[in-house]
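> Shown below is the structure under consideration.
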Amino acid sequence: MQLRPPSEPDQARPVDAVDATRRATEERGAGSLRVDDLTAGDLSRIAWSGSSRHVQAVTEVLDRVSLGETEYLTVRAPDGRPVTIGGINYTEAPGVGTIFQLSTHQQLQGFGLGTRLLAAAEERIHQRGVKVARLGVEDDNPRARALYERLGYQESGRRPASWEAEREDGSLFLYETEVTELDKPLG
């Protein structure tokens, strides 16, 4: 099975959104950017976050939002384009909101946008009365793990993980790995 990337009709000027986001974070901080729900209308604007299979996986998560099982958040550039995204799954473990599929536009990493999204996700989880935020990180992503630990997440275990991924030629395969789970109690 081969998937085609979503059309990107409104991505003619993504560099402007990146530059405007950099300026906004440098002048006013990442907290000045809006965080809200990712919508189906945003899907054509998140090709930067991964392959077309990844965008399809995001679509599948959005389909579960109306059931109350998931949420999907985005930090928006000043023009409204998504520049950081991440989901929350409330069905993986009782009493836990699992944050997953975190991604920040490559040219905007290090500007505090991931931290901004995590704070918003933790607030959403807490508003639901859920007491623990959890995320998983692969061993080959020490930068992300260091960020999570700085934000108060602590190792709670390891588990196997897998998902359907896409090769450069468009073919699909099952990606299998092990992740370290990190938990943060929410007060």
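> Might you let me know whether region 147-166 holds any residue that is at pLDDT 95 or above and among the acidic types (D, E)?
yes
> Within region 132-144, is even one residue part of a loop (DSSP other than H, G, I, E, B), of a type outside the set (F, W, Y) and in contact with a Gly (Cβ under 7 Å, 6 or more places away or on another chain)?
No, region 132-144 has no match at all.
> Would you pick out the residues in region 25-54 that are outside any helix (DSSP H, G or I) and of a type in the set (S, T, Y)?
Within region 25-54, T39, S51 qualify.
> Just to be sure before I move on: is G87 surrounded by 19 or more Cβ atoms within 10 Å (Cβ to Cβ), touching a residue at least 40 places away in the same chain (Cβ under 8 Å) and within 14 Å of the chain's Cα centre (by Cα) in the structure I sent?
For G87, the condition - surrounded by 19 or more Cβ atoms within 10 Å (Cβ to Cβ), touching a residue at least 40 places away in the same chain (Cβ under 8 Å) and within 14 Å of the chain's Cα centre (by Cα) - is not met.
> Taking T115, is it hydroxyl-bearing (S, T, Y), out of contact with any Asp or Glu (no Cβ under 9 Å at 6 or more places or on another chain) and in contact (Cβ under 8 Å) with a residue 12 or more places away in the chain?
yes
> Another one. Assuming G110 fulfils every condition listed in (1) at pLDDT 95 or above; (2) of a type outside the set (A, V, I, L, M); (3) over 14 Å from L43 (Cα atoms) apart from one, which condition is it?
Result: G110 passes all but (1).
The values are calculated or read from the model by the stated rules, or taken from the named source; none is laboratory data. Note that the coordinates shown come from a computational prediction; the quantities given were computed from them, not determined experimentally. FYI the Cβ positions are ideal-geometry reconstructions off the backbone, even for glycines, and counts take in every protein chain you see.
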